[in-house]
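What follows is a single structure, written as structure tokens, with notes after it.
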Amino acid sequence: MKHFLVYTNRYKDIKLVTAKRICDFLRLKGQHVTVKAVGDDGEEEMLYEIPPDTDCIIVLGGDGTVLQAAREAKLLQVPIIGVKLGTLGYMTEIEPSGLEEALERLIIGDYIQESRMMLNGKVCLSDGSVREDWALNDIVLSRRGPLQIIRFNIYVNGQFLNHYKADGMIVTTPTGSTGYNLSAGGPLVEPAAKLIMLTPICPHSLNQRSIILSPEDIIEIEVTECQEGRSQTVEVNFDGSHMIPLRTGDKIRIARSEKVTEFIKLNQVSFLGVLHRKMQESV
């Protein structure tokens, strides 16, 4: 690798101390380095777009920052590795204490790459317009405005699956199983697996659980009327960042994307090993 992009969250990387530490080390080794600093509000410094000749993105922050970087890098297919500055860290590979050793291994190519599947969502509005986006973690349908149950139908490969009354629905990849899906009671899945999960959010039923589907299945969610025949307004979120409002009659079609996110792995610790450590931390 010759060109590294340091993608840092300036609220986690105070005064860009860790970014400067990485830049100094890589430049000393003769590598080309650029920096992109983002904040929780989306404000950016130093760099607006990822350079097309980038060989590797080093993300400083937590899982949310990794997701943001993955969304921006999806067209370039640049491999990503995370440095843990956040609290969750399911997607971050490097601890700050081992930073220089990890950088040395990146320079000499001592790593493997792991492809993670993504989801594509096409929102079909009742006026005939179509809006499209992608997600590495999940696409979430949720209520908007006052606290109330939302109602929607789900179809899989054109076949009616079920009518839901719930606070929403999470459509997630294996990578996203440790995110909102986990909080909603969904299953944990090895991130390199290939499947799609549906997990209802607070369903108003005693028998509605997560459903695991083939990665080739196509899911369609249709926003229906309220029980009283009133129109509903809900929203769909892509990885918790990009939101599109939907109303009664609108639909979203979700399928496996042709795009993938490439993660760099340095450690031989398995997902189960990471999971064990997280469970111990939560005791």
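The values are calculated or read from the model by the stated rules, or taken from the named source; none is laboratory data. Fair warning: this is a prediction, and the values are worked out from it, not measured in the lab. FYI the Cβ positions are ideal-geometry reconstructions off the backbone, even for glycines, and counts take in every protein chain you see. All accessible areas refer to the heavy atoms of the entire protein, side chains included, with ligands and DNA or RNA removed. Shrake-Rupley method; radii C 1.70, N 1.55, O 1.52, S 1.80 Å.
Counting just the residues of segment 120-147 that are open to solvent by 50 Å² or more (accessible area, probe 1.4 Å) and touching a residue at least 12 places away in the same chain (Cβ under 8 Å), which one comes out farthest from the chain's Cα centre (by Cα)?
So, considering only residues that are open to solvent by 50 Å² or more (accessible area, probe 1.4 Å) and touching a residue at least 12 places away in the same chain (Cβ under 8 Å), the one farthest from the chain's Cα centre (by Cα) is Ser126.
Please count how many residues of segment 200-217 are exposed (fewer than 15 other Cβ atoms within 10 Å of the Cβ), in contact with a Lys or Arg (Cβ under 8 Å, 6 or more places away or on another chain) and either free of Cβ contacts under 8 Å to residues at least 24 places away in the same chain or not acidic (Asp, Glu) (or both).
Counting residues in segment 200-217 that are exposed (fewer than 15 other Cβ atoms within 10 Å of the Cβ), in contact with a Lys or Arg (Cβ under 8 Å, 6 or more places away or on another chain) and either free of Cβ contacts under 8 Å to residues at least 24 places away in the same chain or not acidic (Asp, Glu) (or both) gives 3.
Considering segment 54-72 alone, what residues qualify as being assigned to a loop (DSSP other than H, G, I, E, B), touching a His at 6+ places or on another chain (Cβ under 9 Å) and open to solvent by less than 40 Å² (accessible area, probe 1.4 Å)?
If the condition is that a residue be assigned to a loop (DSSP other than H, G, I, E, B), touching a His at 6+ places or on another chain (Cβ under 9 Å) and open to solvent by less than 40 Å² (accessible area, probe 1.4 Å), then Thr54 is the only one that fits.
Evaluate segment 211-220: report whether one residue or more is within 28 Å of Ile81 (Cβ to Cβ) and out of contact with any strand residue (DSSP E or B) (no Cβ under 9 Å at 6 or more places or on another chain).
no
Test Arg116 against the criterion of being within 13 Å of the chain's Cα centre (by Cα) and either closer than 30 Å to Val223 by Cα or among the polar types (S, T, N, Q) (or both), and give yes or no.
Yes; evaluated as a whole, the condition is true for this residue.
Would you check if there is a residue in segment 73-88 being at pLDDT below 85, among the β-branched types (Val, Ile, Thr) and open to solvent by 10 Å² or more (accessible area, probe 1.4 Å)?
Within segment 73-88, one or more residues are at pLDDT below 85, among the β-branched types (Val, Ile, Thr) and open to solvent by 10 Å² or more (accessible area, probe 1.4 Å).
Could you tell me how many of the residues in segment 207-245 are of a type in the set (Gly, Ala, Ser) and closer than 18 Å to Gly176 by Cβ?
4
Pairs needed: first member in segment 9-36, open to solvent by 30 Å² or more (accessible area, probe 1.4 Å); second member anywhere, of a type in the set (Val, Ile, Thr) and assigned to a helix (DSSP H, G or I); C-beta distance under 6 Å; at least 6 residues apart or different chains.
Lys29/Ile107
Residues that are over 30 Å from Ile80 (Cβ atoms) and modelled with pLDDT under 95: find the strands (runs of 3 or more DSSP E) completely inside segment 107-206 holding 2 or more of those.
So the answer is 150-156, 159-166.
Would a scan of segment 222-240 turn up a residue that is assigned to a loop (DSSP other than H, G, I, E, B) and under 21 Å from the mean Cα position of the chain (by Cα)?
yes
Considering only residues that are polar (S, T, N, Q) and either open to solvent by 10 Å² or more (accessible area, probe 1.4 Å) or out of contact with any helix residue (DSSP H, G or I) (no Cβ under 9 Å at 6 or more places or on another chain) (or both), which ones fall in segment 237-270?
The answer is Asn237, Ser241, Thr248, Ser257, Asn267, Gln268, Ser270.
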